[in-house]
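One structure is given here, and the rest of the page talks about it.
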C-alpha cells in the first residue's frame, strides 16, 4: 500500500518545493494514514474492555448432618449442623423437619413453613389439611409428603375426642406451588389404623409410610408410586412376609429412612436395612449398636418405657450421602445424667462412634413415652 502511493507523495513534494512554502498547500488526509500505519499505537487506541458481571451464587444449606436441639418451651427447637455452622438461625415449632440445599421445611397445623437458605421465610397454608407434621421433601423441592388429618384442628381450642376420623393421621402428597394435595394412605378409622412417618424417596419416584396391618395386627411399611399412588411394596417382618409384633425392649418401630440412591431402607429402632425394590432384609446392625453403646460407658434410659415398652435406643436414623454409614439417636444414661445421644455406625455394623454427648431433653415424658425423636437427625 505504501509503495503504491509513493509516486503521488513524490509529486506533492515537488509541488511544495516549487511553491516555496508548505503552508500554502492544503494538508492531505493520506499522509495521516501513512503516519498512523508507521507509528506505534498510541494509548488512546488501546481497546477499552468492560468487565462481565457474574451472578452471585445463591445461598445454600451446606451438606452435612442436621439435628434439632430440643426447646424447653414446646416440641421443636434450634436446627444445628453437626461439626459446622449455619449462616442463619432456624428455630422450628414442630417435632420434625426436612432439609435440602435450598430450604428447611416443617409443619404448623394447616401451614407448611419454608425457611429458605437466603434467609427468606414462606408460610404456605394448605387448605383442608390440619396438624401437618413430619414433612419429607421431593428431590426437586416442589412437593412434600406429610402426615396430617382432614379433621379441622383449631390450635388452643378444646378438641373433640378421637372419633371415627377425628384427628387421625394419614399420609398426603402436597404440591408446594399450588397447595393442592392427594391422600396416599387409607382413611383412618381408629388410632390403630393411622398412617405415619411418611418419606419421599430421593429418586422422586416413590413415597412410603408406616401403617398398622389390622388383619394381622402388626406394623408394616407401605411403598407407593409417587405419581400414580399405586402400592408397589409392603415390608413386613424381616422381609415381605410374616408379621412384626412389638416386643418389650425391641425398639420402637416407627422411624425409618431411605438411602440417597433410593436403593435401601433402614428401620431405625431395629437398625435393619432392607432392599427398597424387593423388600429383602440385607443387614441387621442393632446388636453392634448396643455393644458400642455399652463399650462407650452408656446405658439405655429406663425411666420411660417408650411406646408399647419397646425402649428408646435407637429412635430415628438417617443414611450418610454415600450410603455407607447411618447416624441415629437414642435416650441414654451415664453416671446419673440423662439425655439424647447422637451416634454413627457403618452399614456393616463396624465403626460405632459417639458423634455428640447426650443433650438434655426438656420434655422426656412426651418424646420418650411416645418414642418420638427430639433430635430428628437428617443427613444431606
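Say we look at region 191-220 and pick out the residues that are outside any loop (DSSP other than H, G, I, E, B) and within 17 Å of residue 237 (Cβ to Cβ); which of these is nearest to the chain's Cα centre (by Cα)? By that ranking, first place goes to 208.
Rundown of residues vs (1) touching a helix residue (DSSP H, G or I) at 6+ places or on another chain (Cβ under 9 Å); (2) buried (at least 16 other Cβ atoms within 10 Å of the Cβ), yes/no style:
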| site | (1), (2) |
| --- | --- |
| 211 | yes, yes |
| 215 | no, no |
| 220 | no, yes |
| 224 | no, yes |
| 230 | no, no |
| 235 | no, yes |
| 239 | no, no |
| 243 | no, no |
| 247 | yes, no |
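Pairs are defined by a Cβ separation below 6 Å, a sequence spacing of at least 6 or placement on different chains, a first member in region 355-372 that is at pLDDT 80 or above, and a second member that is assigned to a loop (DSSP other than H, G, I, E, B); the pairs so defined are 361/374; 362/72; 372/95. Which residue is farthest from the chain's Cα centre (by Cα), if the candidates are limited to region 294-325 and must be closer than 12 Å to residue 269 by Cβ and in a strand (DSSP E or B)? The selected residue is 300. Scanning region 95-110 for residues that are at pLDDT 90 or above and within 15 Å of residue 378 (Cα to Cα) gives 96, 97, 98, 99, 100, 101, 102, 103, 104, 105, 106.
You will find that of 223, 173, the residue that is within 26 Å of residue 281 (Cα to Cα) and modelled with pLDDT of 95 or more is 223 and no other.
Any chance you could count how many residues in region 242-276 are in a strand (DSSP E or B) and either within 17 Å of residue 325 (Cβ to Cβ) or modelled with pLDDT of 90 or more (or both)? It would help to see each step written out before you state the result.
Pass one, region 242-276, residues in a strand (DSSP E or B): 244, 256-258, 264-267, 272-275.
Filter once more, so that each one left must be either within 17 Å of residue 325 (Cβ to Cβ) or modelled with pLDDT of 90 or more (or both): 256-258, 264-267, 272-275.
Qualifying residue count, region 242-276: 11.
Here residue 157 fulfils each of the conditions (1) part of a loop (DSSP other than H, G, I, E, B); (2) at pLDDT 95 or above apart from (2).
The values are calculated or read from the model by the stated rules, or taken from the named source; none is laboratory data. Here the structure is a predicted model, which is why all the values come from computation and not from measurement. Positions of Cβ are generated from backbone atoms using ideal geometry, with glycine treated the same way; all protein chains shown enter the neighbour counts.
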